[in-house]
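Contents: one structure, followed by commentary.
The values are calculated or read from the model by the stated rules, or taken from the named source; none is laboratory data. If you're wondering where the values come from, they're calculated on a predicted model, not measured in any experiment. Ideal geometry is used to build each Cβ from the backbone, glycine not excepted, and the neighbour counts take in all protein chains shown.
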Amino acid sequence: MIACGDTRKQNPGNGQIQWNPNDSKEIAYVLPNVGPYYDQKWYGVRDELIKLGYTPIMYQAGGYKNTKRQIEILDNLIQKKVAGIILHATSADALIPSVENAVKNGIPIIAENVRLHTDKVVADVNLDIDRLGWEIAMFIVDQLEGEGNIIALIGPPGLEFSDMMWTAASKYFAQFPGIKVLKKEYLQAQATDALKITESLLSADKNVDAIYCWYVQNAIGAAQAVKAAGIEPHKIIIAAKDINPEGEDLLKEGYITGLLVGTPIEMGRTSAQTMVKILSGQKYDKETLLNNYLIRSSYVNKINRQGFEIPGK
Amino acid sequence: MKELSLNNKLLVVLVIELLLLSIFVGNFFTFSNFMNVFRQTSIIYMLALGQMLVLLVAGIDLSQGSIVGMVSVFSVVALKDFGVMAGILTGLVTGTAIGFINGFFVGKARIQPFITTLGTMYIINGITLSLTNGQPIFDIPLEYSKAFFFLGGGYILNIPIPFIIAILATVGLGIVLYAVPFGRHIYAVGDNEEAAKLCGINIFKIKFIVYGLSGFFTAIGALMLTSRVNSGEPLLGEGMLFESIGAVVVGGTSLMGGVGSIRGTIMGVLIIGFLVNGLDMMNLSTFIKDIIIGMIIIFAVYSAIQKKQNR
């Protein structure tokens, strides 16, 4: 938690703008995609907003590639005159004009998970991205005892989040001359993409000791490829951020070695609370950074699951 | 009673849609929302005009989405160093050139349009992603950024600039299609290529120009969208191909060639555009939207086939 914001001082450029001029009770949560991680965040946002007396509505763009769709959603939400928007953007740059237009129309925007390159965003709820990449790399190097061949599944092309993670990870790897990055690939956040790519890479080079994955869905695909190749558990180190039931199963089997577990439900709740504070004129934190926690198969059941496990699921 | 023409049927559908959305969706029937939809749909309308033209000659252009990405990147690269006009010209030339390449392979080498444009789709995508490493091009100098943004985000008398451009494009293409022989030749080639050839129509020239126009219109749409996002995005065109095909098919353009109109394309774009807008304002999920649009497309094609069989 870095800096406080005071709603009374928020001035998006036009001194006359007040937040939520239509007194709406609807707060929109705009996601890039669907999937377990997004479900967890949505649960947190929805549960918290309902408790605080607001109506949560969710939209998703169908993938990080679908920037145009997210722009359309923001444009239409401006017409719908929602009270506020919590935005997990598909792009840190392309959404800026739409974000600024929303703010101009009295709709505050919180940037969640992806930091936007504009000062018009009212608050940020984010992860310490550099640290994520660094810690995954640190884990892999530790498992390899400083020496080995790695392939990297970096994430979607053009996504700043995954690029920053990889920049930090590759800086860590560079400190160990015995660590070789054989190949790095961009790919979408789907297990199927990772499965196909890992199968090809493992065929091309049998001397892979570890696979760096930016996200658990890619780690699932990579682990499935390793399994399909008849390679034993724990033979290839696979590490990623976040967790879901399938990822947890593979972790317990030993095909995934380590996961940096986040608290997406907590992230959703924090965004919701911050938005309500903004709308009701209270002081709020302008930037909140959340942490991830490393788990391995030997202690996967010893972590507090409230931050990522949806009750009843 | 005389049966309504297809275009009039589409108009009835659009009017009913607008009425229902106005009744059930708060804040739908406002000047601001209509201008919002016109601005959004103007972009896909440009691609739809290009797609309509190639479908008229019994072709197809699968490379439109990739062209959008390449135009976005190339135009911003030029803009950053040489200014807004250079950026716009670079974008238009890029799109048109790719269109002409498609036209050459389809018209001269006589490779199936599906195959040709599928191939160029992959090639253009690969080139764009290789050159940019998947990264967006941003940091447009402020003096250019404001002027460029006007293209996609500006207004004249509260009318969005993209909508004004769409009107101008409609008038221009209308003259080409309906007032000069070239337009009649396009329909003739699509209706019966052999007969058109026997009548002395230069098939290669028609197809070459038509695909070039498709690239040109796609580039206009790409520039509008690039200006709105104020950055060169290599994957900007994702999903736009199927939106353009969907709008054109709903508007009554035949996939077999020779049948289609600008008015029908306008109706198709607006029917889908207002539907997406209304569903968003009703908070229905993107997947529900996809289901409904898919059903509309199938129904539109089915209606067209039924009408043809009843003649």
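Here are some notes:
- Taking region A:115-136 as the range and being outside any helix (DSSP H, G or I), in contact (Cβ under 8 Å) with a residue 60 or more places away in the chain and away from chain B (no Cβ under 14 Å) as the test, the residues that pass are A:VAL122, A:ALA123, A:ASP124, A:VAL125, A:ASN126, A:LEU127, A:ASP128.
- The residue of region B:224-250 that is surrounded by the fewest Cβ atoms within 10 Å (Cβ to Cβ), among those that are within 14 Å of chain A (Cβ to nearest Cβ), assigned to a helix (DSSP H, G or I) and more than 11 Å from the chain's Cα centre (by Cα), is B:MET224.
- Yes/no for A:PRO108 being farther than 23 Å from B:LEU279 by Cβ, modelled with pLDDT of 95 or more and more than 19 Å from the chain's Cα centre (by Cα): yes
- Here A:THR288 meets each of (1) assigned to a strand (DSSP E or B); (2) surrounded by fewer than 15 Cβ atoms within 10 Å (Cβ to Cβ) with one exception, condition (2).
- For A:ASN33, the conditions (1) facing chain B (nearest Cβ under 7 Å); (2) out of contact with any helix residue (DSSP H, G or I) (no Cβ under 9 Å at 6 or more places or on another chain) are fulfilled apart from (1).
- Only one of the numbered conditions (1) more than 19 Å from A:GLY307 (Cα to Cα); (2) at pLDDT below 95 is violated by A:ASP39, and that is (1).
- Unmet criterion (only one of (1) assigned to a helix (DSSP H, G or I); (2) surrounded by fewer than 19 Cβ atoms within 10 Å (Cβ to Cβ)) for B:MET256: (1)
- For beta carbons closer than 8 Å, sequence separation of 6+ or different chains, a first residue in region A:294-308 that is among the β-branched types (Val, Ile, Thr) and a second that is in a loop (DSSP other than H, G, I, E, B), the qualifying pairs are A:ILE295/A:ILE243; A:ILE295/A:ILE303.
- Subset of region A:23-65 that is aliphatic (A, V, I, L, M) and assigned to a loop (DSSP other than H, G, I, E, B) - its residue that is surrounded by the most Cβ atoms within 10 Å (Cβ to Cβ): A:ALA61
- For beta carbons closer than 9 Å, sequence separation of 6+ or different chains, a first residue in region A:155-168 that is at the interface with another protein chain (Cβ under 9 Å from one of its Cβ atoms) and touching a residue at least 60 places away in the same chain (Cβ under 8 Å) and a second that is buried (at least 23 other Cβ atoms within 10 Å of the Cβ) and aromatic (Phe, Trp, Tyr), the qualifying pairs are A:PRO156/A:TYR64; A:PRO156/A:TRP214; A:GLY158/A:TYR64; A:LEU159/A:TYR64; A:LEU159/A:TRP214.
- Sole exception among (1) under 12 Å from the mean Cα position of the chain (by Cα); (2) within 14 Å of chain A (Cβ to nearest Cβ); (3) in a helix (DSSP H, G or I) for B:LEU213, by number: (2)
- In region A:63-91, the residue that is nearest to B:GLY239 (Cα to Cα) out of those that are more than 7 Å from chain B (Cβ to nearest Cβ) and of a type in the set (Ser, Thr, Tyr) is A:TYR64.
- A:TYR59 meets all of the listed conditions (1) farther than 18 Å from B:GLN40 by Cβ; (2) among the hydroxyl-bearing types (Ser, Thr, Tyr); (3) touching a strand residue (DSSP E or B) at 6+ places or on another chain (Cβ under 6 Å) but one, namely (1).
- Residue in region A:92-108 that is surrounded by the fewest Cβ atoms within 10 Å (Cβ to Cβ), counting only those that are farther than 18 Å from B:SER145 by Cβ and either at the interface with another protein chain (Cβ under 9 Å from one of its Cβ atoms) or among the hydrophobic types (A, V, I, L, M, F, W, C) (or both): A:ALA102
- None of A:GLN282, A:GLN273 is modelled with pLDDT under 95, under 21 Å from A:ALA28 (Cβ atoms) and either in contact with a helix residue (DSSP H, G or I) (Cβ under 7 Å, 6 or more places away or on another chain) or not charged (D, E, K, R) (or both) except A:GLN282.
- Filtering region A:36-62 to residues that are facing chain B (nearest Cβ under 9 Å) and within 20 Å of A:LEU187 (Cα to Cα) leaves A:GLN60, A:ALA61, A:GLY62.
- Within region B:22-49, residues that are at the interface with chain A (Cβ under 9 Å from one of its Cβ atoms) reach partners that are in a loop (DSSP other than H, G, I, E, B) with beta carbons closer than 7 Å, at six or more positions or on different chains, in the pairs B:VAL25/B:MET282; B:ASN27/A:LYS81; B:ASN33/B:ASN27.
- Filter result for A:GLU112 (in contact with a helix residue (DSSP H, G or I) (Cβ under 9 Å, 6 or more places away or on another chain), under 18 Å from A:LYS241 (Cα atoms) and either of a type in the set (Asp, Glu) or more than 13 Å from every other protein chain (Cβ to nearest Cβ) (or both)): yes
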